[in-house]
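K.L.:
Input: one structure, supplied below.
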Amino acid sequence: MSTRMAEDDETDGRAALAPPLFTHPHDAIPEAELAHAPEDVPERAAAHWRARLAPYAAISAGGLLGANTRYLAGQWAARWPGPLPWGTLLINVTGSLALGFFLTLVTERFIGRAVTRLFVATGFLGAYTTFSTFGVETITLAQHHRYGAALAYVAASLVLGLAAVVAGAAAARAL
Amino acid sequence: MQPYLLVGLGGIAGANLRYLVSSAAASRWGTLFPYGTLVINLVGSFLLGVLLTAVTGPDGANARALLGTGFCGGFTTFSTFAFETIALAWAGDRRGAVVNALGTIGLGLAAAALGVLLGSAVARW
């Protein structure tokens, strides 16, 4: 400080600091804490970690529910007669319908929060539907020389799955 | 109670890994084609092929619940594949839609078949 004003001497250099500009009362941080790094402030650190972990919490909750719903539906459908794996087919088609509906809804109709999308789409519907089970079931049918059934299963899954997405999207647009 | 726990844990792992792989694929290879979902579905189909062929019988029920129904089922996704195929078509990339649909099915079945082959070799070993 090259120039010293008389007022500074008077206040022992403890000039009153201007209050920090903040946009919301919750953003105000007591000055004593400004000396610390942001992560050292407990409330800030907690909010910081909550934000970092929220996506994974949403995906995990959806994944847990989606996988178990698929498991339950598979158990229920296991007793159905016929060569086609009806359970997986039903799961994949209903899941595709729901995804077409939901994603169209949150992109064209309402603004969806990121965590909601992660829970419903990435978490639940992603874990509910399955490509691996469909693939191995098709190969198993072929292994048992049921080539007609294998072809029908592939065609049905693809055609109905794509149609379901279109139908779901149309339903969302009709809202 | 136990199957649900194993299926749930596997599902959580699969879903989160799918999210990470999809995000990495999108930043590495862009979003003009769903490479992430393709890779995920191929790898998962291969793994399930190995598992269900190598681990048969009642003793393997827990492993199949955790790694098969749980992880592979949670990791791979049919709905995302179907949605992305339609999205490609609606974005004007009809060729991409056809490539994604037929390519995923073709390569996915090949991956599953390879997994079954490897699984039967493991089972015999």
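The values are calculated or read from the model by the stated rules, or taken from the named source; none is laboratory data. Keep in mind the model is a prediction, meaning the values are calculated, not measured. Cβ: placed from backbone, ideal geometry, glycine included. Neighbour counts: every protein chain shown. Just so you know, the surface numbers come from the protein's heavy atoms only, side chains and all, with ligands and any DNA or RNA stripped out. Shrake-Rupley method; radii C 1.70, N 1.55, O 1.52, S 1.80 Å.
K.L.:
When chain B is treated as a GNM, springs tying every alpha-carbon pair under 10 Å, which of B:Val99, B:Val21, B:Val39 comes out with the largest mean-square fluctuation?
P.N.:
Judging by the Gaussian network model, the answer is B:Val99.
K.L.:
Follow-up. With each label point set 7 Å from Cα along the Cα-Cβ vector, what nm distance links B:Arg28 and A:Leu72?
P.N.:
Rounded to a tenth, the inter-label distance reads 3.7 nm.
K.L.:
So, one more: How far is helix B:35-54 tilted, in degrees, relative to the longest principal axis of the Cα atoms in chain B, given as a value from 0 to 90 rounded to the nearest 10?
P.N.:
Approximately 20 degrees, to the nearest 10.
K.L.:
Additional query: Taking the Cα centre of the protein assembly as shown as the origin and placing charges on Cβ (Lys, Arg +1; Asp, Glu -1), which of A:His144, A:Val115, B:Gly14 is farthest toward the positive end of the dipole?
P.N.:
Farthest along the dipole direction, towards plus: A:His144.
K.L.:
Taking the C-alpha atoms of the range A:39-175, how large are the radius of gyration and the largest Cα-Cα span, Dmax, in Å?
P.N.:
18.7, 66
K.L.:
Hey, another quick one. Kirkwood Rh, the range A:46-101, all Cα pairs: how many Å?
P.N.:
Working: mean 1/r = 0.0750 Å⁻¹.
Hydrodynamic radius (Kirkwood, Cα only) of the range A:46-101 equals 13.3 Å.
K.L.:
Expressed as cubic angstrom per residue, what is the convex hull volume of the alpha carbon set of the range B:66-110?
P.N.:
Working: hull volume 2.5 nm³, N = 45.
Dividing the Cα hull volume of the range B:66-110 by its residue count gives 55 Å³.
K.L.:
Restricting to Cα pairs below 8 Å that are 6+ residues apart, what does the relative contact order work out to for chain B? Please round to a whole percent.
P.N.:
Details: 171 pairs, mean separation 48.3, N = 125.
Computed value for chain B: 39 percent relative contact order.
K.L.:
Magnitude of the Cβ-charge dipole of chain B, K/R +1 and D/E -1, about the Cα centre, nearest 20 debye? Display every interim value, and only then the final one.
P.N.:
Numbers: 6 positive and 3 negative charges, 27 e Å.
It works out to roughly 140 debye.
K.L.:
What do you reckon, how do B:Phe83, B:Phe78, B:Phe46 stack up by accessible area (1.4 Å probe), largest on top?
P.N.:
Details: B:Phe83 50, B:Phe78 0, B:Phe46 70 Å².
Descending accessible area places them as B:Phe46, B:Phe83, B:Phe78.
K.L.:
What do you get for the angle between helix B:2-29 and the principal long axis of chain B? Use alpha-carbon atoms, 0 to 90 degrees, nearest ten.
P.N.:
Compared with the principal axis, the helix lies near 30 degrees.
K.L.:
What are the ³J(HN,Hα) couplings of the range A:78-95, residue after residue, when phi is run through the Karplus curve with 6.51, -1.76, 1.60 and θ = phi - 60°? Round to Hz, x for glycine and proline.
P.N.:
Karplus-based 3J(HN,Hα) across the range A:78-95 equals 4, 7, 5, x, x, x, 7, x, 4, x, 5, 4, 4, 4, 5, 6, 5, x Hz.
K.L.:
Given the protein chains as shown and a 1.4 Å probe, how many square angstrom of B:Ser22 are accessible, to the nearest 10?
P.N.:
Around 40 Å² of this residue is reachable by solvent.
K.L.:
Work from the charge dipole of the range A:63-171 (Cβ charges, +1 for Lys and Arg, -1 for Asp and Glu, about the Cα centre) and give the residue of A:Gly168, A:Leu65, A:Pro85 farthest towards its positive end.
P.N.:
Value: A:Leu65.
K.L.:
By accessible area of protein heavy atoms, probe 1.4 Å, what ranking do A:Leu160, B:Leu32 get, highest first?
P.N.:
Details: A:Leu160 85, B:Leu32 150 Å².
The most accessible residue leads, giving B:Leu32, A:Leu160.
K.L.:
Roughly how many debye, to the nearest 20, is the charge dipole of the protein assembly as shown about its Cα centre, given +1 on each Lys and Arg Cβ, -1 on each Asp and Glu Cβ, and no other charges? Please list the in-between numbers first.
P.N.:
On the way: 18 positive and 16 negative charges, 393 e Å.
With Lys and Arg at +1 and Asp and Glu at -1, about 1880 debye.
K.L.:
Toward the positive end of the charge dipole of the range B:28-125, about the Cα centre and with charges on Cβ (Lys, Arg +1; Asp, Glu -1), which of B:Leu32, B:Phe83, B:Gly44 goes farthest?
P.N.:
B:Leu32
K.L.:
Heads up, I need the accessible area for A:Glu137: 1.4 angstrom probe, whole protein in place, Å², nearest 10.
P.N.:
50 Å²
K.L.:
Give me the mean projected area, in nm² to one decimal, of the convex hull enclosing the Cα positions of the protein assembly as shown.
P.N.:
Numbers: hull surface 97.1 nm².
It is 24.3 nm².
K.L.:
Please list log₁₀ I(q)/I(0) at q = 0.10, 0.20, 0.23 Å⁻¹ for chain B, using the Debye equation with identical point scatterers on the alpha-carbon positions.
P.N.:
For the requested q values the scattering log ratios are -0.35, -1.08, -1.24.
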